[in-house]
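The values are calculated or read from the model by the stated rules, or taken from the named source; none is laboratory data. Given the structure is predicted, the values throughout are model-derived calculations rather than measurements. Cβ: placed from backbone, ideal geometry, glycine included. Neighbour counts: every protein chain shown. Heads up: the accessible areas ignore ligands, DNA and RNA and are worked out on the full protein's heavy atoms, side chains in. Shrake-Rupley method; radii C 1.70, N 1.55, O 1.52, S 1.80 Å.
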Protein chains: 2
Amino acid sequence: VNVEVLAVGTELLLGQIINTNGAHIGGRLAEFGLGHYRQAVVGDNLERLTEAIRETAERTDALIITGGLGPTQDDLTREAMCGAAGVEMRHSEEYEDQLREMWARRGRQMPASNLRQAQFPDGAEMLPNHKGTAPGLRMRIGSCLVFALPGVPEEMEVMLDRFVLPALVGEDRGERGVIVSRLLRTWGESESRVAELLADIYSGSTNPTLAFLASGGEIKLRLTARATDAAAAEAAIGPMEAEIRDRLGGLVFGADAETIETVVLDACRRRGWRIGAAESMTGGLVAAALTGVPGASEVFAGGIVAYTASVKDAALGVPASLIAEHGQVSAEVALAMADGAVDRLGVQVAVAVTGSAGPDPLDREAGTVIIAVRTPAASRVRELMLPGDRERVRTYATTAALHQVRLALAQGDA
Amino acid sequence: VNVEVLAVGTELLLGQIINTNGAHIGGRLAEFGLGHYRQAVVGDNLERLTEAIRETAERTDALIITGGLGPTQDDLTREAMCGAAGVEMRHSEEYEDQLREMWARRGRQMPASNLRQAQFPDGAEMLPNHKGTAPGLRMRIGSCLVFALPGVPEEMEVMLDRFVLPALVGEDRGERGVIVSRLLRTWGESESRVAELLADIYSGSTNPTLAFLASGGEIKLRLTARATDAAAAEAAIGPMEAEIRDRLGGLVFGADAETIETVVLDACRRRGWRIGAAESMTGGLVAAALTGVPGASEVFAGGIVAYTASVKDAALGVPASLIAEHGQVSAEVALAMADGAVDRLGVQVAVAVTGSAGPDPLDREAGTVIIAVRTPAASRVRELMLPGDRERVRTYATTAALHQVRLALAQGDA
């Protein structure tokens, strides 16, 4: 099938918000091999919105609309669908009751304007929204299967996977059912190398499908299965996940909502250890990443950003003579920084990062990063050369440092 | 005039990149009061791209295309414009020479494929690109004024201001000339309060225009003048800028590329002082923000992230008894943290942040932030209550902390 996407909202045209929904939906359609050649944005104007829906419905098999389902007068997607389909607006007593219940649970009176969200074009099916109050809609306009989803990304994404993608795959291949995804997170090899290791799975399987997503030095794999019910889809993902984990071994560090920050904090927590950081080139980003996780204070004790040689000496106890002998960007200094963090912060696990973020070289060529980790059971130093500008080098170095902690903790178990 | 925007690129449809260009162009069109009701995205397919240009040119006064001007075979905007306009492709000997010169200056041989960038539809004008090798294009297709700009945002943005907006304003109001913008950055009042203070300027002036942009707690003002030449446009901005600075006083902290990070570092540098940070709730974000600026190491000495009471004691010398008496989130502890940073990092200026980032309260309600600054000439403590989730509270607190440093340095001068 050929799918188009239409985002609705004057604030998109004014540039006040960026259309990330379009990119997300496009990515998901591609993973399912669904044809997708065109997207559009229109504002909150009934005439133009109606016309956009009408003309799109005439030329395409399926249309996904995002936005314009809120309770206010400028939320016009429902009215425009009526206009484009030539049908009347209906009112759902059942959904009105649900809305009143939702507001009552929050202990608040429902504003009358919210009754708009109980309206639907005649012939449309309402799609439940488990993260908000705006239901989605599904209806045929001519031969085109039209979906309307809320503009809020978290609400849209859940409903896309739950209602839209299974229906589109159904249109496309005559399959009915549900869709379940699993995200496997890897670090340590390039996207091309990971793709090579999994080439036969990637090209050999259409259900579950496998997709690669690269970000910040990590390569994510998304496995997506279609089946008649969730249990069958999970059962279909299982063997592919097992095969991938087997091939990639230690490259896989987490699944779904597990990030490298949560993995490191959990690994320390399990051992009853506290962690601290000693940073030069990353300038606080390692500490900031770990403290971004709610509840980090149970495990993360603190960090020392030692940007100058004198602070490395005063705050971390790295002798000036050691720096003079080896340079600030050296394995010797990185290890001494980690030891200083163990000592000064009273932690069991310490990670230290030194390097040259650029644009000007510091001691060593810009992009040089040295990471040292001390745990009660292991010691580890790695030197990396990272490409890109200052911001990119600092960001990648931060991710790499957290992965070296993970590897040092695993090394200590061995 | 009625302007539409068409973004070209299969990677946009696949969700590999997000269409930020559409939002940027939409925002600029709105600032100039130009009609803008519709945007679209198409992939790198000659037939569909040609059809999209043709149908858009039929219904609108002006069309801005972004992307598809690169040197490779899937950069098809030039060909599609020929097809939509029904004209032949031409080759610019002059631009070919310029391309060869650009490559020679980089000490490299130009790949033959780059000759594509010297091609242009018959009747089109080539628009110089000072930040890259892909020239823009300007031509009429029927009565529609069509611009093609590169997809790289930095290249596109410069050419939009330089060639496209002046021409559209010319179409709209019969004015010819150039456009010059100035960005004034403010902090300390809400967008609605700043807008109120400037309401008569905002509604009373159409040239220069005034626009408000809010991000991360800072409110930016963009002044944009149209005039026959750059000197005249600068001269038109001058009096409006002076009036705004006069009304807003200390709320304005920088202009154009000056950020709060560069303003703070420069203010310390001018005084010959070094700065350090002592952070609890921001967890390293203040240090990370300052070290994000190239050359920060001349001014920023280091930071201590003291996430637990014991690290506040060990690394910053904040007595456990003080914490027991006042709580971790208190003005007394914030000041003691700043003093500890002065002492342990050997700096003249120290900023300390403590607070409760949430979601669970720590000592005080989630969202509570206390910032203390010590300079040789001033001492300052402020308590804030910030809305939003953990990430938002931490980000806003970081910006607020840097602004408190700026205010403390100014206070010391008074």
### Query
Within the accessible area of the stretch B:199-253, what % is carbon and sulfur when the probe is 1.4 Å and the other protein chains stay in place?
55 percent
## Note on the structure
With the charge dipole of the protein assembly as shown built from beta-carbon charges (+1 for Lys and Arg, -1 for Asp and Glu) about the Cα centre, the Cα from A:Pro128, B:Ala231, A:Val252 projecting farthest to the positive end belongs to A:Val252
### Task
State log₁₀ I(q)/I(0) for the protein assembly as shown at q = 0.05, 0.06, 0.08 Å⁻¹ as given by the Debye formula over alpha-carbon point scatterers of equal weight, solvent excluded.
-0.31, -0.46, -0.85
### Message
Using the crude model of +1 on Lys and Arg Cβ and -1 on Asp and Glu Cβ, and no other charge, please compute the dipole size for chain A relative to its Cα centre, in debye to 20.
### Response
800 debye
### Message
Let me check I have the definition right: for the stretch A:80-167, take the eigenvalues of the Cα gyration tensor, multiply each by 5, take square roots. What are those semi-axes in whole Å, largest first?
### Response
23, 17, 9
### Task
Compute the accessible area of each residue in the stretch B:48-68 twice, once for its chain alone and once with every protein chain present, using a 1.4 Å probe on heavy atoms, and list those whose area falls by at least 50 Å².
B:Arg48
### Query
Tell me: how much accessible area in total is hidden between B and A, 1.4 Å probe, Å², nearest 100?
3800 Å²
### Query
If all Cα-Cα distances of the stretch B:334-405 are sorted into 5 Å bins from 0 onward, what percent lands in each bin, rounded to whole numbers?
3, 19, 26, 21, 16, 10, 4, 0
## Note on the structure
For chain B, the charge dipole (Cβ of Lys, Arg +1; Cβ of Asp, Glu -1; about the Cα centre) points to a positive end, and the Cα of B:Gly107, B:Gly367, B:Ala211 closest to that extreme belongs to B:Gly367
### Query
For the stretch A:33-81, what is the largest minus smallest coordinate of the Cα atoms on each principal axis, given in angstrom and ordered from greatest to least?
36, 19, 15
### Contour minus Cα-Cα distance for A:Asn207 and A:Arg59 (0.36 nm per residue)
50.4 nm
### Task
Please give the FRET efficiency for A:Glu157 paired with B:Thr20, using the beta carbon to beta carbon distance and R0 = 22 Å, rounded to the nearest 0.05.
0.65
### Summary
Karplus-derived 3J(HN,Hα) from phi for the stretch A:286-294 (6.51 cos²θ - 1.76 cosθ + 1.60, θ = phi - 60°), whole Hz, x at Gly and Pro, runs 5, 4, 5, 5, 5, 7, x, 8, x
### Computed log₁₀ I(q)/I(0) - Debye formula, equal Cα scatterers, no solvent, the stretch B:69-223, q 0.09 Å⁻¹
-0.43
### Message
Given a 1.4 angstrom probe, what's the average accessible area per residue across the stretch B:125-269, in square angstrom?
### Response
42 Å²
### Query
From the label point of B:Ala378, set 7 Å along Cα to the beta carbon, how far off in nm is each other copy's matching point, shortest first?
4.9
### Euclidean distance between Cα centres, the stretch A:187-210 to the stretch B:355-383, Å
48 Å
## Note on the structure
Ordered by number, the residues of the stretch A:26-47 that have at least 10 Å² less accessible area in the complete protein assembly than on their own chain alone (1.4 Å probe) are A:Gly26, A:Gly27, A:Ala30, A:His36, A:Tyr37, A:Arg38, A:Gln39, A:Ala40, A:Val41, A:Val42
### Task
Leaving ligands, DNA and RNA out of it, work out the accessible area of B:Arg382 with a 1.4 Å probe and give it in Å² to the nearest 10.
100 Å²
### Inter-label distance, nm, simple model (7 Å from Cα along the C-beta direction), A:Ala235/B:Arg270
7.2 nm
## Note on the structure
Rounded to whole angstroms and listed largest first, the alpha-carbon spread of chain A along its three principal axes comes to 83, 49, 41
### Message
Which trypsin sites (Lys or Arg not before Pro) in the stretch A:69-173 sit in a loop by DSSP (not H, G, I, E or B) and have at most 16 other Cβ atoms within 10 Å of their own Cβ?
### Response
A:Arg106, A:Arg108, A:Lys131
### Query
Taking all protein chains as present, what is the carbon and sulfur share of the accessible area of the stretch A:47-118, in % to the nearest whole number, probe 1.4 Å?
44 percent
#### Entry: Net charge dipole size for the stretch B:234-287 [Lys, Arg +1 and Asp, Glu -1 on Cβ; Debye, nearest 20]
380 debye
### Message
Taking the Cα centre as origin and putting +1 on Lys and Arg beta-carbons and -1 on Asp and Glu beta-carbons, what dipole magnitude results for the stretch B:203-331, to the nearest 20 debye?
### Response
80 debye
### Query
Along Cα→Cβ at 7 Å, what distances in nm separate the B:Ala235 label point from those on the other copies, shortest first?
8.2
#### Entry: Whole-percent carbon and sulfur share, accessible surface of the stretch B:263-332, 1.4 Å
53 percent
### Task
Work out which residues of the stretch A:367-414 lose at minimum 10 square angstrom of accessible surface when the other protein chains are put back, relative to the chain isolated, with a 1.4 angstrom probe, and list them by number.
A:Arg390, A:Arg394
#### Entry: Cα principal axis extents for the stretch A:263-414, largest first, Å
40, 32, 28
### Task
Order the following by accessible area, largest value first: B:Asp266, A:Asp44. Probe radius 1.4 Å; ligands, DNA and RNA are ignored.
B:Asp266, A:Asp44
### Task
Just subtract the alpha-carbon distance of B:Ser190 and B:Asn2 from 0.36 nm times their residue separation and send over the number in nm, one decimal.
64.4 nm
### Query
Residues of the stretch B:24-87: accessible area per residue at 1.4 Å, in Å²?
33 Å²
### Message
Pairs of alpha-carbon atoms within less than 8 angstrom and 6+ residues apart define the contacts here; what relative contact order does the stretch B:297-414 have, in percent?
### Response
19 percent
### Task
Taking every pair of Cα atoms in the stretch A:48-115, average 1/r, invert it to obtain the Kirkwood radius, and report Rg/Rh to two decimals.
1.07
#### Entry: Mean residue ellipticity (222 nm) of chain A, computed from DSSP H runs ≥ 4 via -39,500 (n - 2.57), nearest 500
-12500 deg cm²/dmol
### Summary
Probe 1.4 Å, all chains present, heavy atoms only: B:Asp343 accessible area in Å², nearest 10, is 110 Å²
### Message
Could you identify the residue of B sitting closest to the B-A rotation axis by Cβ and state that distance rounded to whole angstrom?
### Response
B:Gly284, 2
#### Entry: Summed residue charge, Cβ within 13 Å of B:Thr56's Cβ, Lys/Arg positive, Asp/Glu negative
-1
### Query
Pick from A:Leu99, A:Leu165, A:Leu223: which is most flexible by mean-square fluctuation in a GNM of chain A where alpha carbon atoms under 10 Å apart are linked?
A:Leu99
### Task
List the distances, in nm and shortest first, from the label point of B:Gly170 to the matching label points in every other copy, placing each point 7 Å from Cα along the Cα-to-Cβ direction.
5.5
### Of the DSSP H helices in chain A, those whose Cα atoms cover at least 15 Å axially and whose Kyte score averages -0.5 or more
A:20-31, A:230-248, A:260-271, A:331-345, A:390-413
